[in-house]
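A.B. asks: For reference, the structure I am asking about is given below.
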């Protein structure tokens, strides 16, 4: 809902321009609504339009079947019913939209048939740079409800550091966090909270899994990544691989809980 009359007016005037009226025509027509027969001077006053241009504007509105002009002196003007006036225009828009939808459907069919003939299924994923990777991870952590599983190779400490605050907030929300660290990913000067389950394994890929249905895979130095959602066929496979590795590995036992890379 719009908060002020000014905002409502601007929205209506913008809509009139989308229907083919100029800015001046939209203002004049809008000012005429609900006033009955009025003079050009009054319309110029209500619409804040130049008096020198108001007759020209009203004549254009008459040609568009939006305004009735009484040519007896003095000239008087009245807005015609918006429903009747714009009915034909809306019908043209609706017919055009139907036509465009058919064209889009035809294009989609051509694309799908071509891919099918080549044995290709179209998939979508996002390739992200380093800044976008950090932002996307934080966004996904904020939207996670149940679990975050992370695997980190020897570059993973730097990657984890960028999302440390949001991970801690997720833990406070009750999200379960598990991290598989590579054996070489060890820094005894850094402390992780007990709420994070930690294990070590041979890890080659940096990966975040969110609620078991979406993931981000990050290259070794964290400069580029790819985001995949649950529609990608290999997402369940990688989730299963993470769980299998997790079950096989021993829980990391660390004195004073000091490990890898960051202080959450």
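Please treat every number below as a calculation from the coordinates, not as lab data. Predicted model only: the values in this text are computed from it and were never measured. In this analysis, Cβ positions are derived from the backbone assuming ideal geometry, glycine residues included, and neighbour counts consider all displayed protein chains.
A.B. asks: Give the span of segment 5-85's Cα atoms along each principal axis, as three whole-Å numbers ordered largest to smallest.
C.D. replies: 36, 26, 20
A.B. asks: Taking a point 7 angstrom from the Cα of residue 11 along the C-beta vector, which residues in segment 75-115 have backbone N less than 20 Å away?
C.D. replies: Backbone N within reach: 82-83.
A.B. asks: How large are Rg and Dmax for segment 61-183 when calculated on the C-alpha trace, in angstrom?
C.D. replies: 29.7, 95
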